[in-house]
Amino acid sequence: MLISHVKLQNWKNFQHAEASLLDVTYVLGANATGKSNLLDVFRFLRDIAKPQGGGIQKAVADRGGLKKLRCLHARSKPEIVIEVHLSDNFDDPVPIWRYVLALKAESSGIKRPIIAAEEVYKLVDGKERCFLRRPDKDDVLDRERLTQTSLEQIQTNSDFRELADQFSEITYLHLVPQLVKFGSSIGGQTVESDPFGQAFLERVAKANGKVRTSRLGRIQKALSIAVPQFEELKFVRDEITGRPHLEARYAHHRPAAGWQREDQFSDGTLRLIALFWLLMEGDSLLLLEEPELSLDEEIVRNLPRLIEQVRRSTKKRQRQIIISTHSQALLDNKSVDGRGVLWLDRVQEGTVVRSPSDEQLELMREGYSPAEILLSKAHPKDLHKMVLN
Ligand SMILES: Nc1ncnc2c1ncn2[C@@H]1O[C@H](COP(=O)(O)OP(=O)(O)OP(=O)(O)O)[C@@H](O)[C@H]1O
Ligand SMILES: [Mg+2]
């Protein structure tokens, strides 16, 4: 199942936004247009639904409270509304699941975030059936219930546990190579859900031995083409500390020079390893922030093909991916399905999400790449006027 559609009201810089999502969706936009904010909608649903440390109160508090979440342009309808659809195929006319969540602040006291509405619909025998509509009579009798979503309550979500499970497994990665390389010397705690990949090596360590060897073998194959002189990749545990490490061997080293550990890998190599690993790791939605960072333009140009290849080669269900990017090279690839490219357009009151028009899709079918058709629209205008004085 994939998240096939998202609709937002008053979410951060999106006063109103709506988009259909493909198996692989690229979110294109200039700096500060809201790419990360859009990905954060799915992380927010994950944070509500995750079994440990989840829940709406914490998810909102972690983002600085409702005031920071609500769009600054919000006026007549102050509620924050998120609606997502889940389908087997993105073009199914009616989704299998539809989830709607509306949030507002309590009218008195410490003004906690409360549920203004929560609705769940499921397609049963070709008809959409309502499984939940809140506030319900129990909420009226006990207002305290409105401080929790039904997603986070296993006592009440048995009819739509599948939906909560899908959300709770959403994975986000904005890998910061230095955190992987020097995480243990920097010390401190790993941020919850590890968005920056600090615990990436632990993740590799947790995989079953056979699975790990097979995945690293496939990564090694891809890296031996992408990274000059790269020959072998293996997983080891430090004999003294027991900490997990990755080691690589390069062809240009003296035969006795030995293996290099991840703190000696290039940033790009580490980012590629993490990207490929995550593509193979699960079957839930994967959110990737700017995978082009630290990578050679030619590698970036080939990423859509590599991503597709890894997705197709997994025996499990293929992962849905949403990728934020500024990269011309990434979208200069005719294999990218133009229907899966969204671009963020700044308007008077925030940002809107745009999909290619029929005319633009036709041009892409004729052989133009999404970059050729859409990128100029996503760049800020008047950049030549930018000065520092
Ligand atoms: N509640 C809000 N209402 C309106 N705008 C907001 C709100 N919260 C954040 N923003 C705006 O969203 C913008 C940041 O969005 P975001 O970080 O998603 O951008 P981005 O496209 O990921 O940028 P980059 O390419 O630099 O990573 C900022 O300009 C910020 O002012
Ligand atoms: Mg960003």
- Note on the structure: Computed over the range 257-301, the distribution of all Cα-Cα distances in 5 Å bins, rounded to whole %, is 5, 18, 26, 21, 16, 10, 3, 1, 0
- Task: Please state, as a whole number in µm²/s, the translational diffusion coefficient that the Stokes-Einstein equation yields for the range 3-58 at 4 °C and 1.567 mPa s, with Rh defined as the Kirkwood radius across alpha carbon pairs.
- Result: 103 µm²/s
- Query: What Kirkwood radius, in Å to one decimal, follows from the Cα pairs of the range 84-228?
  - Reply: 19.4 Å
- Take the Cα atoms of the range 52-135, build their convex hull, and give its volume per residue in Å³. 152 Å³
- Applying the Karplus parametrisation 6.51 cos²θ - 1.76 cosθ + 1.60 with θ = phi - 60° to the phi angles of the range 308-313, what ³J(HN,Hα) value in whole Hz is obtained for each residue in order, glycine and proline being reported as x? 4, 4, 5, 4, 5, 7
- Note on the structure: Cα-based Rg/(2.2 N^0.38 Å) for the chain, rounded to two decimals, is 1.06
- Message: What number do you get for the range 1-124 when its Cα radius of gyration is normalised by 2.2 N^0.38 Å, N = residues?
- Response: 1.08
- Query: Of the residues T314, T33, T241, which exhibits the maximal mean-square fluctuation in a Gaussian network model of the chain defined by a 10 Å Cα contact cut-off?
  - Reply: T241
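How much net charge surrounds Q148 when only other residues with a Cβ under 15 Å from its Cβ are counted (Lys, Arg +1; Asp, Glu -1)? Could you put the intermediate results ahead of the total?
On the way: positive: K50, K58, K104, R112, R134, R143, R145; negative: D47, E106, E118, D136, D138, D139, D142, E144, E152.
With Lys, Arg at +1 and Asp, Glu at -1, the net is -2.
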- For the range 60-101, one quarter of the surface area of the C-alpha convex hull, expressed in nm², comes to 4.4 nm²
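Normalized C-alpha radius of gyration of the range 144-246, against 2.2 N^0.38 Å? It would help to have the intermediate numbers written out before the result.
Details: Rg = 18.8 Å, N = 103, 2.2 N^0.38 = 12.8 Å.
Here the answer is 1.46, to two decimals.
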- When the accessible area of the range 282-362 is computed with all protein chains present and a 1.4 Å probe, what percentage of it is carbon and sulfur? 43 percent
- Message: Over the chain, with a Gaussian network built from C-alpha contacts below 10 Å, which listed residue (Q360, Q318, Q198) shows the highest mean-square fluctuation?
- Response: Q360
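Hull surface divided by four, with the convex hull built on the Cα atoms of the range 157-308: how many nm²? List each step's numbers first, then the result.
Working: hull surface 43.5 nm².
Taking the Cα atoms of the range 157-308, their convex hull projects to 10.9 nm² on average.
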- Hey, what's the per residue convex hull volume over the C-alpha atoms of the range 264-363, in cubic angstrom? 130 Å³
- Task: Within the chain, what's the longest run with no GluC sites (Glu not before Pro) in a DSSP loop and at most 11 other beta-carbon atoms within 10 Å? Give the range, please.
- Result: 1-238
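Leaving out ligands, DNA and RNA, what percent of the accessible area of the range 128-273 is carbon and sulfur, probe 1.4 Å? Please list the in-between numbers first.
Working: 3950 of 8190 Å².
On the range 128-273, the fraction of accessible area on carbon and sulfur atoms equals 48 percent.
The values are calculated or read from the model by the stated rules, or taken from the named source; none is laboratory data. Source: prediction; values computed, not measured. Glycine also receives a Cβ, built like all others from the backbone with ideal geometry; neighbour counts cover every protein chain displayed. For accessibility, only protein heavy atoms count, side chains too; no ligands or nucleic acids. Shrake-Rupley method; radii C 1.70, N 1.55, O 1.52, S 1.80 Å.
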